[in-house]
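Below: one structure, written as structure tokens.
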Amino acid sequence: MIKHYFKIALRNLGRQKVLSLINIIGLSLGLACFSLFLLYAVNEFSFDRFHTNADNIFRLYRWTEPMNGQEAEGDVYMPSPLGPALKRDMPDVVNYVRFRDAWQESFIKIDGQVKRKKMSFADPSVLSVFSFPLKYGAKNALQDPRSVIITQQAAKDLFGTDNVVGRTMQVKTEEDFVPFTITAVTENIPANSSIRFELLGNFNYFETTSSGTRGVNNWNRSSYITYVQLNPGSGLPGDVSRLASFRKKYYPTEEADLKQSGFKWTGSAPPVRFGLQPLRAGHTDTKIYGGIVDNVNPQTIWILLSIAAGVLLIACINFTTLAIGRSARRAKEVGVRKVIGGERRQLVTQFLSEAIILTILSAALGLAFAKLLLPFFNGLSGRDLDFSFSQYPEMAWMLAGLILLVGLLAGSYPAFILSSFKPVEVLKSKIRVHGSNLFTKTLVTVQFALSIGLIISTAIILQQTNYMASKNPGFNKENVVVVDASDTKTKEIYPLFKQALLSRGDIAGMSSAELGLGENEGWSRSGFEYKGTHKDVYEYFVDADYIPVMGMQLLAGRNFDPRIADDTVTSVIVNETMVKDFGWTIQNAVGQKLTGYMESKTPVVIGVVKDFNYRPFSEKIMPQMFHQFSDYTPFKFFVRIKPGNPAPALAAMQSTWKGLVADLPFRYSFLDENLDNFYKAERKWSSIIGWAGGVSVFLACLGLFGLASLAVVNRTKEIGIRKVLGATLPVIIQLLAKDFLKLVLIALLIATPFAWYFMNKWLQDFAYRISVSGWIFLLTGIVAVVIALFTVGFHAVRAAMANPVNSLRTE
């Protein structure tokens, strides 16, 4: 029987090649889209489960209760002594691992060639606590202070092969190249890992560097991520009192100091406490800030899955409407089968079998599409995903269940409608499967409502992203080259570099600073007590040329002056927001003293600069100050070039750099691009939703195409009669198109308020945002109507141009 159903299904597909092909392509695109989004969701929800000890590994975090009107917050950056202290004081702790993530790429010298890779540091216990699969080497590979673990891909990039255990590389740490020996090679880090590295050095060695020395036995410097492995079944994660007692042992005066500083909090719980976050929960916990891999809000994952489900729903609707269209030609087949004894359940089984067979064919093609589109999707999502059933075993049964569900969902309505025909009425040609019933109208309306909603959302996200990228940040970001001079003797190099370049006519000015501006360029923030109130201030070390070179505006006071010695000791320049936050005015800010900022000296305000956005436009401007204290180092050179072709200026910079720093490559970026990188997430969102919207519009048009085909079939004689009576081509087209255009307009009316509501809610996350304009909805509506008219018009024109004699002969 099943073989018989299969034969009939294939014959019907072969007889209606065009509609079958449209059905398969439409459903395959919907399944491909959903499969990619499903893979992304499974990856995000499965972070870190591949570690054997995952259930017993916890990440330390610090939780601060709401005080003085501030919100509660948690972060994972811990002091260096915390891990050893926990193992020493808590019997539940089996082991600990401290991580110092790579902030930027390090210079790697191999056989005289200098390359770049990121080098992180971890305790030697890292391979015992975590289960990173080793390709070569042993779990005790990180015992020696100058040993290093490398990933398979990094080894191939640096050496051309992955079998590199025992090889030596020189890594630039501070001012010198230091030799390290490779003692293990791991397989490439899985995409669902919250701990990522290319090179991993010994944390004990890091503590001997100038940067690491600051954290040794220092409970007040929180810069590292600490994990602990607990005994199975340990109750320590939920034992608030034990963790509070542990913190009080090492911060005995914390509560008293906070009260003395004027901080107030409610309840009997300690204002600041340590917590233990399960390893597998960290990636989707947005309440706790920080980590090697950015956290993801679960709501975002569900939104993306909902979008994918909407696209798949459109594909299923498209499948159903086309199946209804094909069913008009199968009414007599149903009648004959019923006359010779066919039961309704047999007919339902046959038509459902046909739908499932068609779905399986579509799924095979859809998975092939998904595989081809995966590199592109990885670029959009920022992940390195792979359809690996060993890494994501649940994908197998999820996809199998999805195929069965889609087949049943898409085939149920046509199956039950066809099987309900009465044989006598069918054989007397009294049955007509109409395309204008309420059900099919609803399907088309839902399709276009979803599509229009996605297109409107994409337009608003793009508009907001372009607004942020083009908005003036309060300084001139154009034509500025940022030279990365990290790992060099910058205090010696910068004066020579500046002197060599300022003589060129295409160089307009040059300055230096400790930090860059833009995504992943870092920031520095200091907290201190000012007149009994805690203040947080962003601080930037710059030189005297920074403000004029960057095109910033002084509102009061003066700029730094190289001739004034105090400017490198106590002078600071603040922004307008800091003036307001500290209770000053523009008129009296100059001369104010920042008591409490430093123990050895008291900075004095010498100028006020107009507010500028040094962080993304999603954030409000915060208190910020510039200083040029002599104990800081300028790691970034800002070179303003004159408008025009930048190539000659860049070539001159590279040549000058090579003459000063022969053994290190020249690294640079453009300031405007660095700032634009703040909005990668928004661009990713707009791209994902835009592509989903495009696919949904295409699928909706396929469904409309099938429905229009059905309408023409059912009105063939009517069209013939109208033509005989003198109806013109425009009249016939209007007759067939007007009903469908009404459905598109209804879809627009439905989609508009929903899109407006959700996009306005999304825009609330931005401190600086656009106002949603009505022209977006109007333009989207016009585009939708034009697309629908073009889709329906194909059938309408063909029907209107047909010979009326042939139309009147149609049975």
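The values are calculated or read from the model by the stated rules, or taken from the named source; none is laboratory data. Quick caveat, the model's predicted, so the values are computed rather than measured. Don't worry about glycine lacking a Cβ; one is built from the backbone with ideal geometry, like all the others, and counts go over all protein chains shown. The protein model used for the area step is the full one, side chains on, heavy atoms only, and it has no ligands, DNA or RNA in it. Shrake-Rupley method; radii C 1.70, N 1.55, O 1.52, S 1.80 Å.
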Worksheet item: Taking R0 as 41 Å, what's the FRET efficiency between Met598 and Phe758 from their Cβ-Cβ distance, rounded to 0.05?
Response: 0.30
Response to the item:
For 498-510, 21-33, ranked highest to lowest by mean beta-carbon neighbours within 10 Å, the order is 21-33, 498-510
Fill in: Where labels lie 7 Å past Cα in the beta-carbon direction, separation of Ser211 and Glu73 in nm
2.2
Item to complete: First measure r as the distance between the Cβ atoms of Ala368 and Lys156, then evaluate 1/(1 + (r/R0)^6) with R0 = 30 Å and state the FRET efficiency to the nearest 0.05.
Response: 0.60
Discussion item. Can you give me the long-range amide H partners of Tyr224? Hydrogens built in the peptide plane at 1.01 Å from N, cutoff under 5 Å, separation of 5 or more residues or another chain.
Written reply: Met78
Worksheet item: How much length, in nm to one decimal, is gained on full extension between Trp302 and Tyr467, taken as 0.36 nm per residue of separation minus their Cα-Cα distance?
Response: 56.7 nm
Fill in: Estimated vicinal HN-Hα couplings, Hz - the stretch 233-240 in sequence order (Karplus 6.51, -1.76, 1.60; Gly, Pro = x)
x, 4, x, 4, x, x, 8, 5
Practice prompt. Compute the projected area of the convex hull of the Cα atoms of the stretch 177-333, averaged over all viewing directions, and report it in nm² to one decimal place.
Written response: 20.3
Worksheet entry | Packing-based order for 272-284, 761-773, using average beta carbon neighbours within 10 Å, highest first | 272-284, 761-773
Item to complete: Return the inverse of the average 1/r over all pairs of distinct C-alpha atoms in the stretch 530-630, which is the Kirkwood hydrodynamic radius, in Å to one decimal.
Response: 13.8
Discussion item. For the stretch 18-96, compute Rg over Rh where Rg is the Cα radius of gyration and Rh is the Kirkwood radius from the inverse mean 1/r over Cα pairs.
Written reply: 1.32
Worksheet item: Which residues' amide hydrogens lie under 5 Å from the amide hydrogen of Leu134, considering only partners 5 or more residues apart or on another chain, with H built in the peptide plane?
Response: Glu187
Fill in: For the stretch 385-397, Karplus couplings with θ = phi - 60° (6.51, -1.76, 1.60), whole Hz, Gly/Pro x
8, 8, 6, 10, 6, 6, 7, 10, x, 5, 4, 5, 6
Worksheet item: Structure shown: which of Lys489/Lys642; Lys471/Lys610; Lys109/Lys658; Lys115/Lys172; Lys172/Lys498 lie over 18 Å apart, alpha-carbon to alpha-carbon?
Response: Lys489/Lys642; Lys172/Lys498
Worksheet item: Under Stokes-Einstein, with the Kirkwood radius over Cα pairs standing in for Rh, what whole-number D in µm²/s applies to the stretch 113-234 at 10 °C and 1.306 mPa s?
Response: 104
Discussion item. For Glu521, Glu539, give me the order by solvent-accessible area with a 1.4 Å probe, most accessible first, ignoring ligands, DNA and RNA.
Written reply: Glu521, Glu539
Discussion item. Assuming 0.36 nm per residue, please report the length gained on full extension of the stretch Arg504 to Asp89 beyond their Cα-Cα distance.
Written reply: 143.1 nm
Practice prompt. Taking H placed 1.01 Å from N in the peptide plane, check which residues at least 5 places from Gly509 or on another chain put their amide H under 5 Å from its amide H.
Written response: Arg640
Worksheet item: Rounded to the nearest 0.05, what FRET efficiency do Ile746 and Glu394 have when you use their Cβ-Cβ distance and R0 = 35 Å?
Response: 0.35
Discussion item. At a 10 angstrom cut-off on C-beta neighbours, averaged per residue, how do the peptides 177-186, 154-163 rank from highest to lowest?
Written reply: 177-186, 154-163
Fill in: Fraction in percent of alpha-carbon pairs per bin - 10 Å, the stretch 54-156
11, 33, 32, 16, 7, 1
Practice prompt. Please report the Cα spread of the stretch 448-565 along all three principal axes, rounded to whole Å, starting with the longest.
Written response: 68, 51, 34
Item to complete: Treating only the Cβ atoms of Lys and Arg (+1) and Asp and Glu (-1) as charged, compute the dipole magnitude of the stretch 610-660 about its Cα centre; round to the nearest 20 debye.
Response: 180
Fill in: Difference of contour (0.36 nm per residue) and Cα-Cα distance, Lys139 to Trp219
25.8 nm
Worksheet, complete the sentence: Partner aspartates and glutamates whose C-alpha sits under 20 Å from that of Lys601, ignoring same-chain residues fewer than 8 away, are Glu529, Asp536, Glu539, Asp543, Asp561, Asp566, Asp567, Asp631
